[in-house]
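The structure appears below as structure tokens.
The values are calculated or read from the model by the stated rules, or taken from the named source; none is laboratory data. Just so we're clear, the structure is a prediction, and the values are computed from it rather than from any experiment. We place every Cβ from the backbone using ideal geometry, glycine too, and count neighbours over all the protein chains shown. Please note that ligands, DNA and RNA were not included when accessible areas were found on the heavy atoms of the full protein model with its side chains. Shrake-Rupley method; radii C 1.70, N 1.55, O 1.52, S 1.80 Å.
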Amino acid sequence: MSELMEQFLALSVSPPLIPSLPDDITVDIVAARVPLNHYPTLSHVSKSFRKLIASPKLYKRRSQLGITQHRVYAVLQSRKTRASSFYILHRKVDDCSNRLVVVRSITLKSSCGNYVPVGSKVYVFNDEDALSIDCTSHTSQSIPDIPQRMAYKVVNVVDEKKIYVIGDSVCHVVKEKGGMLRETWKKAVMVFDTQTQLWEPKLVKEDMFLGVLWSDSVVMDGKIYMKDYSKGNSFVYEPDERKWEFMDEVLNSKAWKGACVVDNVLYYHDLRALRAYDPKKSCWSVVNGLGDFLVAKTARSRWCHAVNYGKEKLALFFHKNHDGKEVIFCAVIALERRQGGEIWGQMESCDVVNEDGLFDMVKFVTVSL
């Protein structure tokens, strides 16, 4: 082998992460022993560690070891510029408090979009393009846009595989008397397969209702539940049966918004209490044990956003005046279902996560890393 080739190979081989250990052992140590909130600090140790922290190999190993954790991402919109930015909820190492830290490597072109988490990725469908954000490396790439223009749409994922987009779709243009053109709208369901990265043929639903403005939507037990903003009705779509129907008066009785699902139960906060809806029992209940704490904390907030924070936990985000300025709080609540079916909550932390109140909360999603 020539001397020039030997020098080339020497340069092309990356140095070991820890000289005294094989890289596979180092990966296992980082995956099993280092908490996620320490990863940003570890990435500054060297170029090799920065590459490791951004590598899918590390997160695949975490999954194999059964130690995946949940991380919350937020989309906030500036009240000054109306531009939206992507944030991560980061736990500080020194005092263990949570903060929303902007992810500068991610650019959101549109302030209006639908965000849905699938595994370690967040899929974004807005009025300009579509993309997937890889939360292991904080990089994004374009994906096929929705083939058909849709309005009043909601986006949800079922079984961590297929993304369902439900909205009003232009089917065809009708020419009326006098030469005027009129668009004919029908409700449609479009499905994006996250494994093949392809769109399935559009399903037009004749039995759906046009012009519905959705205030929120969630997935429980493989079904998509949607809340009508204007009339307050709740609907459910069953993907397996392709069936669409009204929900009963029990679910309609609450104006749930900013809701999340934890262990197949819907939770939302109505500024008076944290409420839970169990679809199996078809009943609402109040989460016990939080006392007057949440009432005091969320007083005068316009609304709250709840997001799944992992097994038996949720995070509640809300605006509040604090020390003379408007800030965003995050309360982490542990949930427990006790004998008899009662649900109890315990406040684990409540932190100011954004001190600049000139931001509106758009969306919160949870990914698995």
Q. What number, rounded to the nearest 500 deg cm²/dmol, is the helix-based mean residue ellipticity at 222 nm of the chain, given -39500 (n - 2.57) per DSSP H run of at least four residues and division by all its residues?
A. -3500 deg cm²/dmol
**Q.** Whole-number accessible area per residue in Å² for the chain, which is evaluated in the context of all protein chains at 1.4 Å
**A.** 53
Q: In a Gaussian network model over the chain where Cα atoms closer than 10 Å are linked, find which of 43, 120, 85 has the largest mean-square fluctuation.
A: 43
Q. Out of these labelled values of semi-axes √(5λ) of the Cα gyration tensor in Å, (i) 38, 29, 20; (ii) 45, 26, 19; (iii) 29, 23, 22, which was calculated from the coordinates shown here?
A. (i)
Q: Evaluate the relative contact order of the stretch 16-67 (contact order divided by residue number), counting alpha-carbon pairs under 8 angstrom at least 6 apart; express in whole percent.
A: 36
Q) So which residue, out of 224, 67, 166, gets the largest mean-square fluctuation from a GNM of the chain using Cα contacts under 10 Å as springs? A) 67
Q | GNM top mover of 352, 34, 286 - the chain, alpha-carbon springs below 10 Å | A | 34
Q. Over what distance in Å are the Cα centres of the stretch 51-97 and the stretch 108-141 separated?
A. 14
Q | Between the stretch 147-164 and the stretch 317-363, the Cα center-to-center distance that results, in Å | A | 28
(Q) In the stretch 162-200, whose amide N lies under 14 Å from the spot 7 Å out along Cα-to-Cβ of residue 214? List them in ranges. (A) 163-169, 187-192
Q) Using alpha-carbon pairs under 8 Å, 6+ residues apart, how would you state the relative contact order of the chain in percent? A) 14
Q) Suppose every K and R has +1 on its Cβ and every D and E has -1 on its Cβ; what is the size of the dipole of the chain about the Cα centre, in Debye to the nearest 20? A) 600
Q) On average over all directions, what projected area in square nanometres does the stretch 93-186 have, based on the convex hull of its Cα atoms? A) 8.8
Q.
Suppose each label sits 7 Å from its Cα in the direction of the beta carbon; what would the residue 302-residue 334 distance come out to in nanometres?
A. 3.4
**Q.** Largest-first principal axis extents, alpha carbons of the stretch 16-67, Å
**A.** 27, 23, 17
Q.
Considering only protein heavy atoms and a probe of 1.4 Å, how much of the accessible area of the stretch 68-368 is carbon and sulfur, as a whole percent?
A. 47
Q | Full-extension gain in nm, residue 326 to residue 342, via 0.36 nm per residue minus C-alpha separation | A | 2.3 nm
Q.
Could you give the length gained by full extension between residue 23 and residue 233, i.e. 0.36 nm per residue of separation minus their alpha carbon distance, to one decimal place?
A. 70.0 nm
Q) R0 = 45 Å: FRET efficiency of residue 293 with residue 47, Cβ-based, nearest 0.05? A) 0.50
